[in-house]
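All remarks here apply to the structure that follows.
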Amino acid sequence: MVRAGKRYITSVVEPGDLPPYVVADLYARRWEIETAFFLVKRLLNLAYIWTGSINGVKLQIWATWLFYAVLLDLADDVADSLELPTERISLEMLFRGFYHFTVASTKGNKQSLVEYFCDPKNRDLGIVKILRKAKGSQELDLSPFPRLTFVPSS
C-alpha cells in the first residue's frame, strides 16, 4: 500500500486489525526474494554473466527463481524426512552436495537425492545447520500473548 508517498509492509489500513507479531513476520519475510537471488546467483556464478538484452535479463531472473524454488522444495523434503524445520537445512550445502550425489550415483549408489542427503553416512556434507546460541541473548517474543514472568516483590 502506498499512502502519502510512503510505502507500507501490508495493505491493511487499520493498525488494530493486524497484531504486531504478524507485521513483524511480514517485515522479516520481505528479504526472502533478495536472499534467493543472492544465493543462487553466487552459487551458479550468474553474478559474472552480463547481458544488455532484456530477454537475457528476464531469462536470468526466471532461471534463478526456478532453481531456488526447486532447491527450496528439496530442502523441504529433506527437512520432512529428518523431522526438522526447513530453516535448519542449509541451501548452500544442499547445492554443494549435488556433486557428491552425482559421484555416488555414478559408482552405483541408487538412492534418491532425499535418501542420500538424509543418510547418516553423509552427515559430513553439512546439510543440517548447527544450532548456536549466543551468550546472554534473549529471544524476542512477538506472540500475541507474550510469556509473563512473575517477579515476587520483596
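Could you tell me whether any residue of the stretch 91-100 is modelled with pLDDT of 90 or more, open to solvent by 40 Å² or more (accessible area, probe 1.4 Å) and assigned to a loop (DSSP other than H, G, I, E, B)? Within the stretch 91-100, none of the residues are modelled with pLDDT of 90 or more, open to solvent by 40 Å² or more (accessible area, probe 1.4 Å) and assigned to a loop (DSSP other than H, G, I, E, B).
When residues in the stretch 74-90 are screened for being within 14 Å of ASP119 (Cα to Cα), open to solvent by 40 Å² or more (accessible area, probe 1.4 Å) and in a helix (DSSP H, G or I), 4 of them pass. Against the test of being among the hydroxyl-bearing types (Ser, Thr, Tyr), more than 21 Å from VAL128 (Cα to Cα), open to solvent by 70 Å² or more (accessible area, probe 1.4 Å) and modelled with pLDDT of 75 or more, the options TYR21, TYR27 yield a single qualifying residue, TYR21.
In this entry, LEU71 is excluded by the filter for residues that are touching a residue at least 24 places away in the same chain (Cβ under 8 Å) and assigned to a loop (DSSP other than H, G, I, E, B). Tell me, yes or no, whether the stretch 54-75 has at least one residue that is of a type in the set (Asp, Glu) and at pLDDT below 90. No.
In this structure, THR86 does not qualify as in contact with a helix residue (DSSP H, G or I) (Cβ under 9 Å, 6 or more places away or on another chain) and at pLDDT below 90.
The values are calculated or read from the model by the stated rules, or taken from the named source; none is laboratory data. In this text, all values refer to a predicted model and were calculated from it rather than measured experimentally. No Cβ is skipped: glycine too gets one built from the backbone with ideal geometry, and neighbour counts run over all protein chains shown. Remember, those area values only see protein heavy atoms, side chains included, never the ligands or the DNA or RNA. Shrake-Rupley method; radii C 1.70, N 1.55, O 1.52, S 1.80 Å.
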